[in-house]
Structure formats: C-alpha cells, structure tokens
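One structure below.
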Amino acid sequence: MEKLFELSHQNPALFLDILESIKDAIFISDHVGTTLWLNSASEAMCGIPKNKITGRNVRDLEKEGLFKPSVLRMVLEEGRNVSTVQTVGEGRKYIATGHLVKNEEGQIIAAVAHLRDITDAVKNTSKLQEIEELLEKYSAQIRKLTNMQQNRIGVENVNLGGKSNSRIIAKKIVEKIAAVDTTALIVGETGTGKSLTAEKIHLLSKRRNGPFVQINCASLPDSLLESELFGYEKGSFTGATSKGKTGLIKAAESGTLFLDEIGEMPLHLQTKILHFIQSKTYMPIGAREPRHADVRIIAATNRDLEQMVAESKFRSDLFYRMNILTVNIPSLRESRDDIEDLAIYFLNMFNEKYNKNKRFSNGVLKNFIHYSWPGNVRELENLIERLVILSEDEFIEEKDLPQKMMEQHMISKSPYISNNATMTEILEEIEKKMIIDALEKENSTRKAANFLGVTQSLLMRRVRKYNIKLVVEESKTFVKQHYEE
Ligand SMILES: Nc1ncnc2c1ncn2[C@@H]1O[C@H](COP(=O)(O)OP(=O)(O)OP(=O)(O)O)[C@@H](O)[C@H]1O
Ligand SMILES: [Mg+2]
C-alpha cells in the first residue's frame, strides 16, 4: 500500500491511469455535479468526445438525454451511494453505481459513477419473457382448439351405445362411471371415441356445470406439461419479471380434468398426479404451500398400461388407482354391428354440413362392414366426409371407395380363408395378404408402408410377425416366396 502511495506521489495521475485501463465506464464529478473526468470506456459509451463532456454538469447532460437517469445526480441529491439501470445515448443499458467521495471532515468532494454494460443480459431476459408470453399464447390456442373440436361434435347428442354387445356394455359402464365422482380410465385403440367418451362422462356427471378441461400428455415436452398442469408461482423460474401462470388443475376447479394419452406422462409427473388424486392438493412450481382443488381426473390411453407397469414405464400405484373404474371402448372391428348405423349417422351429419343429399349404395355399406378400420370411428368419419364432398352422383358407389378398402373386400371373399376361422385369424390373413401385395407392387418397404398408410416400423413388425421373407436386390425389395416361384 505504501509503495502504491509512493508511486502515486511520483505520478499523480497513477490512479486515473489505472481507471483508464479498465473496460467498465468510470465517470467522476465534483460535489455539485460538474464533470471532472471520464475514462475512454465512458467516452465510447457516450459517443461524444471527452472534451465535450468535461466541465458540464450532470443535470444538463441528463436533460439533454445523454443519461436516463443520471446516477451521479441521484447520488449527490440523495447523499448516499445509489445503484440503478441507466440508459445511455441510443439505448444501451448499464448497471450504474454511484459512490460519494468524502474528505476527512466527511464533506462530499466528488462523486464517482461506475457503469457496466448489461444490454445483452437485458436482451436475454426480455427474450425469456417473450418466450413465456408466446407459450402462454400457444397454450391458450391449444385450449381454444380443443374446445372447438368438442363443439364441432355436439357431444350431448352423440349416442355412445349401439347394437353390438361390446358397445352396449361400454355404454352401461360409462353411465355407472358418470354416476360416481372418482378417477376413471378410458382405454381403446386410436380413434375409437375415448376423448368423446371422457366428455360424455363429464356431461352426464354432477360436475356437468363445471369446466371440462383437457390436455394431451403426449403433445408437450415434460417441463411444459408440468407447468401447464400445475402452473407456477410468480418469479419461480424466469426471474422476478415472470407473472406466474394458472395451471389446468386450477382451471378445472369444480369440473373435470381429462388427461389424454396418460401413458405418455413422465414418471415424476405421474407421482404428482397420484398425490393430487389422493389428497386433492398440489404444488404449483416454485410454490411454498400446497393448493387445494376440487377436480375429478379422467384419463385415457391407447397403450397397454399393465404392460407398461410390468416394464416400469408406468407407476403401478397410479395404474391401480385409475384402473378401479375402467371402460373399454371397442374398436370398429369388435363392433361391426354398429358400422352401418355410424356410417348413416355421419352421412346425415355431412349431408347437412355441405348441403347435399348423398346416399350409400348397398355395396358400399357391405365394404364398410368388411373393412378392418385401423383408424376406427375417426377413419369412418373422415372417409364419409370425403365421399360426401368428392363423389359425383347422388349415390356413393363402390368405385368411389379408396382402393385399399376394395382390395380388403376382395380378399375377405377369398377362398383361402376357411369358414370356421376366427375373426382374428381372418383379419391376420387379410393383413398379411395386403402387406405382401403392397410389397410386391412397390418393391420398397418405405413405399409399401406409405401405400398402406402405416409407419415403416409398424410394417416391419408385421413382416416379422407373419414371417414374410424379404430379399433386397439392386436396392429393391422383393418378397422371397413369390420371388422364387
Ligand atoms: N359413438 C360415436 N358417435 C359419433 N361420433 C363418434 C363416436 N365415437 C367417436 N366418434 C367420432 O370419432 C372421432 C374420434 O373420436 P375421439 O377423438 O374421441 O377418439 P379417441 O379414441 O380419443 O382418439 P385418439 O386415440 O386418437 O385420441 C371424433 O370425431 C368423434 O366425434
Ligand atoms: Mg383422443
């Protein structure tokens, strides 16, 4: 220290030289605010030569808009050290700290401002805020879209029952589930009407006047799913500026929360949901106190949850909790007796929507009854919408049907299937034949999958299942048994 004083005696400007060498801006005024000195970093920051600033009072510089606000003016007025965010010149942002310099008698002789550029850091926080706002907007849109989808159908008027035993049973179970107020699980293949059933249960239950809120657990990444469900507290993870967010559990207060595709929910959220089901309380992200909500949970899945439990991919306690009340929505293949009524229901619906008066020819309905409907009711609904719009004449004929449906119908009449085969055997035979036909036609597994409207991996699983031998030659794929013949 003494050595330093000695050096400063030899060179009175020593400390100014030191201040000159640092990257942050340093600005010194006297006790009334007249600028005495600034370093080169300050000069660069202001964009004005030093000699145009020295000798000027910080209040005037502030009035001219160079500093918004002037930290030195604040320090001198308040008589204490001050920190603030200062905008300089064209808008760069600085953390500005002002210090008072006093003599031995305690009188103020100068004030020093130290400014550090935080423009980039500020940009990043506002980016975070932007992202947050965007997410808020998206989730509002998702909510709106799902509501629109529900309104489109008019769930109140949909009849879940039918002629087939499996549908009659499902309808009875739905009515029983609606009469109680516990967690329920809906299982079924894709497009069978699980979402529709969830809403129907809500509308038949005593919660019908409360909200029906739904979320698809597969549609969001884990962290978003968590904040979407439970919400978060103000400032819990994006800094003090975050407004906080209401979770869907709260939004479903006194109503029903429908967790679609629950099989895709990550394990740690399954734990939180189980806790909520058991205690009716939950913790928003960043909250200190648990919140209470009066919400009924209904979940749906097209996965085999029992199998997932066996593979430790789904929590067994949550599964058993939900599995107390389960309804199985049958596939169309398991409820063929209902296909005709459903087809006519959709025909009337789309005739009305598009102001048409189309009818089915008998052959068309027969095709419908024999087809395998991998996309279930949704596939039937979409097909009929297309047929109503696209078919030329009043009668929708077999020629208007998609080719794959015609082919299946042909195969189902094929003599190779014995009369006493079970339905599964017949379907498997049809599936195998379709796959072989598609592979022979396309000579590529990718194109064949495309042709059949399935993923390539699903196609390959079936190829293995049916033991179809493939040969690849000159980048073309051939089916071996036929290739050798
Ligand atoms: N019994 C029914 N009567 C009339 N329309 C139905 C019926 N069941 C299902 N639908 C219609 O079929 C379509 C698919 O139904 P939904 O979306 O409920 O199926 P999902 O099982 O939830 O499908 P995913 O597994 O893809 O979520 C919807 O447009 C729905 O309105
Ligand atoms: Mg669904």
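Every test in (1) under 55 Å from the mean Cα position of the chain (by Cα); (2) at pLDDT below 85 is passed by E43 save one, and that test is (2). Looking only at residues of the range 160-174 that are buried (at least 18 other Cβ atoms within 10 Å of the Cβ) and in a loop (DSSP other than H, G, I, E, B), we find that the one that is farthest from ligand 2 (Cβ to nearest atom) is S164.
State whether the residues of the range 144-165 include one that is modelled with pLDDT of 95 or more, away from ligand 1 (no atom under 12 Å from the Cβ), outside the structural domain of E381 (by TED's automatic domain parsing) and more than 29 Å from the chain's Cα centre (by Cα). There is no residue in the range 144-165 that is modelled with pLDDT of 95 or more, away from ligand 1 (no atom under 12 Å from the Cβ), outside the structural domain of E381 (by TED's automatic domain parsing) and more than 29 Å from the chain's Cα centre (by Cα).
Scanning the range 81-101 finds no residues that are modelled with pLDDT under 85, within 16 Å of ligand 1 (Cβ to nearest atom) and touching a helix residue (DSSP H, G or I) at 6+ places or on another chain (Cβ under 7 Å). Considering (1) more than 24 Å from T281 (Cα to Cα); (2) within 12 Å of ligand 1 (Cβ to nearest atom), the lone condition that K172 does not fulfil carries the number (2).
Can you find even one residue in the range 283-299 that is in a helix (DSSP H, G or I) and of a type outside the set (D, E)? No; the residues of the range 283-299 include none that is in a helix (DSSP H, G or I) and of a type outside the set (D, E).
All conditions but one from (1) assigned to a loop (DSSP other than H, G, I, E, B); (2) more than 16 Å from ligand 1 (Cβ to nearest atom); (3) of a type outside the set (S, T, N, Q) apply to R303; the one that does not is (2).
Answer with yes or no whether I186 is of a type in the set (A, V, I, L, M, F, W, C) and more than 9 Å from ligand 1 (Cβ to nearest atom). No: the conditions fail for I186. Within the range 345-360, residues that are part of a loop (DSSP other than H, G, I, E, B) have Cβ atoms under 8 Å from residues that are surrounded by fewer than 16 Cβ atoms within 10 Å (Cβ to Cβ) and not basic (K, R) in these pairs: N357/N351; N357/E394; K358/N351; K358/E394; K358/F395, counting only partners at least 6 apart in sequence or on another chain.
Of note, N450 does not satisfy the criterion of being outside the structural domain of S372 (by TED's automatic domain parsing), at pLDDT below 85 and not acidic (D, E).
Kindly indicate whether F27 is of a type in the set (F, W, Y), under 18 Å from I109 (Cβ atoms) and surrounded by 13 or more Cβ atoms within 10 Å (Cβ to Cβ). Criteria met by F27. Taken over the range 297-325, the criterion of being in contact with a helix residue (DSSP H, G or I) (Cβ under 8 Å, 6 or more places away or on another chain) and among the polar types (S, T, N, Q) is satisfied by T301, N302, S316, N323.
Among the residues of the range 370-397, those identified as more than 12 Å from ligand 1 (Cβ to nearest atom) and either of a type in the set (F, W, Y) or farther than 21 Å from V158 by Cβ (or both) are H370, Y371, S372, I389, L390, S391, E392, D393, E394, F395, I396, E397.
The values are calculated or read from the model by the stated rules, or taken from the named source; none is laboratory data. What you are looking at is a predicted structure, and each value in this text was computed from that prediction instead of being measured. No Cβ is skipped: glycine too gets one built from the backbone with ideal geometry, and neighbour counts run over all protein chains shown.
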